[in-house]
């Protein structure tokens, strides 16, 4: 359920927000959760912290809760994270709902765009895997029937020349090449790799397909040095080689992880920050 739907169903609710996160915490500053008397949307990290937040939010609705909670994530509440989280609690108003709607829209607009070229078994599995993740996904196909019944939220493009669609990928976007035709794969990959502003270009295949494409690219574009430089930016095969499982859903999960790592690394690099192991945390 999205924010607007939740607010329509539960207009009387509390916005719980992580106002400050210090040390090792399950979620970062700015994470929000909506709590009504009978429902919850979102999560601030789960565990005892979240149960305390939900209980206090419902107390706020009853007129007796705290508007700010400063919670140590340690033995006091049965957790061992070691950090500290300050939570704010605000009863929903029209102005707050508008602010939240703007924030959700901004986050949605700032998602990296990923084009999936091909909607076969792996393409469909990957579209499904990426749907809940922070990506805007477009599927490009030459076959109309292959675009039917894509998950809601995925953009579909029918194109007689999929390679031309590469030009529409926004800067810092990604291209996943998964078509039913190796020759078409090569045309799309060549066009994508000629762009220097894409964060990720990947093609499904094998080491043999990589060698074949490199040989084809050299014939098309020139010297071995130029080809090597271009090929260094191509992920082929996609999804890594650690998991030897060719089921579409498994490949999709591995590729989704690969994309998340790629964009996390870019974000860390752009902010010039260094992430140390002791600063990471997933759950209490």
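The values are calculated or read from the model by the stated rules, or taken from the named source; none is laboratory data. This structure is a prediction, so every number in the text was calculated from the model and none was measured. Don't worry about glycine lacking a Cβ; one is built from the backbone with ideal geometry, like all the others, and counts go over all protein chains shown.
Looking at residue 103, is it over 15 Å from the mean Cα position of the chain (by Cα) and closer than 26 Å to residue 47 by Cα? Judged against the criteria, residue 103 is a match. Collect the residues in region 91-115 that are closer than 22 Å to residue 168 by Cβ and in contact with a strand residue (DSSP E or B) (Cβ under 9 Å, 6 or more places away or on another chain), keeping them in residue-number order. Hits for region 91-115 are 108, 109, 111, 112, 113, 114, 115. Can you name the residue in region 139-171 that is touching a strand residue (DSSP E or B) at 6+ places or on another chain (Cβ under 9 Å) and assigned to a helix (DSSP H, G or I) and is also surrounded by the fewest Cβ atoms within 10 Å (Cβ to Cβ) among such residues? Applying the filter and picking the extreme gives 144.
Do the conditions hold for residue 184, that is, is it crowded, with 17+ Cβ neighbours inside 10 Å and touching a helix residue (DSSP H, G or I) at 6+ places or on another chain (Cβ under 8 Å)? Give the derivation first.
Details: crowded, with 17+ Cβ neighbours inside 10 Å: yes; touching a helix residue (DSSP H, G or I) at 6+ places or on another chain (Cβ under 8 Å): yes.
In short, yes.
Can you find even one residue in region 86-94 that is surrounded by fewer than 17 Cβ atoms within 10 Å (Cβ to Cβ), within 30 Å of residue 130 (Cα to Cα) and not assigned by TED's automatic domain parsing to the domain that holds residue 258? Within region 86-94, none of the residues are surrounded by fewer than 17 Cβ atoms within 10 Å (Cβ to Cβ), within 30 Å of residue 130 (Cα to Cα) and not assigned by TED's automatic domain parsing to the domain that holds residue 258.
Scanning region 57-84 for residues that are modelled with pLDDT under 85 and not in a helix (DSSP H, G or I) returns 71, 72, 73, 74, 78, 79, 80, 81, 82, 83, 84.
Counting only residues that are surrounded by 20 or more Cβ atoms within 10 Å (Cβ to Cβ) and in a helix (DSSP H, G or I), region 103-138 holds 8 of them. Residues of region 24-56 that are over 24 Å from the mean Cα position of the chain (by Cα) and not in a helix (DSSP H, G or I): 35, 36, 37, 38, 39.
Scanning region 1-23 for residues being in a loop (DSSP other than H, G, I, E, B), surrounded by 14 or more Cβ atoms within 10 Å (Cβ to Cβ) and in contact (Cβ under 8 Å) with a residue 40 or more places away in the chain gives a total of 2.
Residue-by-condition table, conditions (1) modelled with pLDDT of 85 or more; (2) over 21 Å from residue 130 (Cα atoms):
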{"position": "203", "(1), (2)": "yes, no"}
{"position": "216", "(1), (2)": "yes, yes"}
{"position": "223", "(1), (2)": "no, yes"}
{"position": "226", "(1), (2)": "no, yes"}
{"position": "231", "(1), (2)": "yes, yes"}
{"position": "234", "(1), (2)": "yes, no"}
{"position": "249", "(1), (2)": "yes, no"}
